[in-house]
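*Asks:* Just dropping this structure here.
The values are calculated or read from the model by the stated rules, or taken from the named source; none is laboratory data. What you see is a predicted model, and the numbers here were worked out from it, not measured in a lab. Every residue, glycine among them, receives a Cβ derived from its backbone with ideal geometry; neighbour counts consider all protein chains shown. Remember, those area values only see protein heavy atoms, side chains included, never the ligands or the DNA or RNA. Shrake-Rupley method; radii C 1.70, N 1.55, O 1.52, S 1.80 Å.
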Amino acid sequence: MASHKIQVIELPMMDKSKYFPLAFAGGMGTRVCLYPFTLIKTRLMSQRHKALYRGTFHSLSEILRIEGVRGLYSGFLIESLRFVPSMCYITIYETVRHNLTDRTSISNSKLRGFIAGGCASMFSQMVLVPLDIISQYRQLGSISSKFAHINLQNASKSGMSASWSVVLAIHKQYGWRGFWRGYFPSMAVYVPSSACWWSLYETYCDFLVKRAPLWTPHLALQCTAASLGGVTTCCINNTLDVIRTRIQTEHGKFWPTLNTLWEEEGIRLLIKGLSARLISSIAFSFIVILFYEPIKRLSLLEEYKNSVRW
């Protein structure tokens with residue numbers, strides 16, 4: 001059995017001219033693969049009771065039947081703008097983690113990951129929340145009139161024209177503040193999620209490497225650890241994510257939204273949209289690490305290449 005630890009690749013160990021372009025390309029590929037799961041999750045969390053979809057696979061089949069494959073990528077152009085704040089996120093994460101190593105006495109790698117993950121999410125949410133709101137209305141697509149409280153006359157259009165129609169409709173009804181509706185619920189969901197995920201990722205890595213045969217590729221253990229971290233985080237904050245989604249698509253307030261959801265769903269609120277979110281989180285966590293860790297290995301400076309196992 002393996003007794004060694006998985007080497008964490010820190011920012012100073014990498015060639016930045018290789019790392020950042022590769023990270024950008026990897027992030028784009030990840031979002032193309034996983035966007036349909038995000039769209040399905042948004043629709044499930046936004047509907048009342050089971051007005052349109054009975055579950056994850058029913059919603060998938062209905063979207064394909066009515067809207068075709070194109071429907072699974074409704075709003076993707078807006079979603080693609082998240083690449084920029086996503087790059088900011090990973091840069092902040094790596095920078096904070098490195099500074100905690102160099103400038104503080106915090107030696108626990110999991111704690112550094114927890115703090116760095118929380119900081120990265122906190123700053124990136126300032127940009128991501130408006131994009132989330134526009135993207136969510138686009139993800140609702142042709143069914144937006146059933147859930148949204150804004151007039152989306154051009155919801156059936158595709159591409160940037162529909163996204164611009166969403167922007168104009170939100171601004172007309174709510175002003176600029178409408179683009180940051182749900183900012184604090186988003187912070188309550190994503191900042192702890194990000195912090196916990198990075199900490200859990202390293203925790204599960206340590207757990208798995210101690211129990212896996214020596215010949216097991218470290219990348220396989222890391223991908224498994226990432227998925228386990230995603231499952232744990234999802235189960236902890238699913239209810240908050242449902243509330244956040246409803247606030248952003250219906251422009252309500254936290255406590256009235258929670259009361260409405262409880263009246264509609266009862267105890268099932270705890271698992272509303274959870275299956276889609278779990279599938280999305282497992283796949284997202286797995287694919288992110290499948291891209292992220294090899295990118296870090298490929299970006300290693302020469303003096304570190306022999307010290308990191310694949």
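*Asks:* Need at least 3 residues that are modelled with pLDDT under 85 and among the β-branched types (V, I, T) per element, so show me which helices (runs of 4 or more DSSP H) inside segment 1-98 make the cut, counting only ones lying wholly within it.
*Replies:* Ranges flagged: 16-46.
*Asks:* Further question: Tell me which residues, restricted to segment 198-218, are closer than 20 Å to I282 by Cβ, open to solvent by 30 Å² or more (accessible area, probe 1.4 Å) and either in contact with a helix residue (DSSP H, G or I) (Cβ under 7 Å, 6 or more places away or on another chain) or part of a helix (DSSP H, G or I) (or both).
*Replies:* Listed by number, the residues that qualify are L200, T203, Y204, F207, L208.
*Asks:* Please state which one of I236, I267, I271 is open to solvent by 70 Å² or more (accessible area, probe 1.4 Å) and either in contact with an Asp or Glu (Cβ under 7 Å, 6 or more places away or on another chain) or without any contact (Cβ under 8 Å) to a residue 24 or more places away in the chain (or both).
*Replies:* Only one candidate passes the filter, namely I267.
*Asks:* Another question, then. Looking at S227, S281, S307, which one is open to solvent by 50 Å² or more (accessible area, probe 1.4 Å) and in contact (Cβ under 8 Å) with a residue 24 or more places away in the chain?
*Replies:* S307
*Asks:* Restricting to segment 21-67, name every residue that is of a type outside the set (A, V, I, L, M), in contact with a Ser or Thr (Cβ under 7 Å, 6 or more places away or on another chain) and within 15 Å of R246 (Cα to Cα).
*Replies:* T38, K41, T42, R43, S46
*Asks:* Right, here's the next one. Which residues, taken from segment 112-129, are at pLDDT below 95, open to solvent by 50 Å² or more (accessible area, probe 1.4 Å) and aliphatic (A, V, I, L, M)?
*Replies:* M122, M126, V127
*Asks:* Scan S135, S109, S121, S80 and give me the residue that is farther than 23 Å from T249 by Cβ and either small (G, A, S) or touching a Phe, Trp or Tyr at 6+ places or on another chain (Cβ under 6 Å) (or both).
*Replies:* So the residue among S135, S109, S121, S80 that is farther than 23 Å from T249 by Cβ and either small (G, A, S) or touching a Phe, Trp or Tyr at 6+ places or on another chain (Cβ under 6 Å) (or both) is S109.
*Asks:* Between F291, F254, which is surrounded by fewer than 18 Cβ atoms within 10 Å (Cβ to Cβ) and either in contact (Cβ under 8 Å) with a residue 40 or more places away in the chain or under 26 Å from D206 (Cβ atoms) (or both)?
*Replies:* When all the criteria are applied, what remains is F254.
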